1. Could you pull out every one of the aspartates and glutamates with an alpha carbon less than 13 Å from that of K104, ignoring same-chain neighbours closer than 8 positions?
2. On full extension of the chain, what length is gained from T196 through A138, given 0.36 nm per residue of separation minus the C-alpha to C-alpha distance?
3. Straight-line reach from K93: which aspartates and glutamates have a Cα under 15 Å away, not including same-chain ones fewer than 8 places off?
4. Taking Cα pairs under 8 Å and at least six residues apart, what relative contact order does the range 112-218 come out at, in percent?
5. Beyond 32 Å between alpha-carbons counts as too far, so tell me which of K58/K162; K115/K215; K70/K215 fall in that bin.
6. With no solvent and one equal point scatterer placed on each C-alpha of the range 58-214, evaluate the Debye formula and give log10 I(q)/I(0) for q = 0.15, 0.16, 0.20 Å⁻¹, two decimals.
7. What's the FRET efficiency of E216 with E102 using the Cβ-Cβ distance as r and R₀ = 25 Å, to the nearest 0.05?
Amino acid sequence: MKKIFAAFTAAMLTASLIAVFTVNTAAFRPAVALTFDDGPAPGVTERIVEALLRHGAKATFFMVGEMVEKHPETARAVAEAGFEIGNHTYDHKNLKHLTAAEIKEELSKTAAAVKEATGMTVFAARAPGGNINDRVRALFEGFDVVGWTVDTKDWRDRDAEKLTEFIRRAPLKDGDIILMHDIRPTTADAVDEILTILEERGFELVTVSELAARKERD
């Protein structure tokens, strides 16, 4: 009887350890955030959205206010598909060269344009070109400032094959924020394969807000 009990206890302990290991492995699945800047751009943004939906992936679109005003239907399509929208200023100026009043206007006009087009309130914001310093950052009141850790250079190369190869070889890690642009047709050409590559590398694709929430929990 004691042998049976001991064997049963050992089996239960092994099963418990396997269960704990499985849960912990799932909990620590590495995640990255794909971000797309400078849109919305009709004919390009929609293709990226469609690819993301096919893969069940999430992403954040940092929109330029004047582009939202020109193409509200494209901005609306992004929102209706369930993706996060961020503020990328009104007309993509270098914020370091602007006054405090001008910076606030860049942000507020864009937030209003997104609200008008999509009904969404924007919380994340990104400075054009990453041009930000302490003075500029202090003026992003009410916004979470988001940069990036991986620049794919899709804005420069405009080459789908080069972009996918970059993602394939890049030393990506948990918590990375990947910069791309949804005004480049070549980027849209590459997105489907990029998503497949990231999935094969074991990454979960989340929004920048979800990535920030994970870091806070950790």
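Every read-out reported here was derived from the displayed coordinates using simple, explicitly stated rules and does not represent laboratory data. Keep in mind that this is a model prediction, so the values were computed, not measured. Cβ atoms come from the backbone with ideal geometry, glycine included; neighbour counts cover every protein chain shown.
1. D91, E141
2. Gain on stretching T196 to A138: 17.0 nm.
3. D37, D38, E66, E102, E105, E106
4. Once divided by the residue count of the range 112-218, the mean separation gives 22 percent.
5. K70/K215
6. The computed values of log10 I(q)/I(0) come out as -0.84, -0.95, -1.37.
7. On the way: r = 32 Å, r/R0 = 1.29.
Once rounded, the FRET efficiency stands at 0.20.
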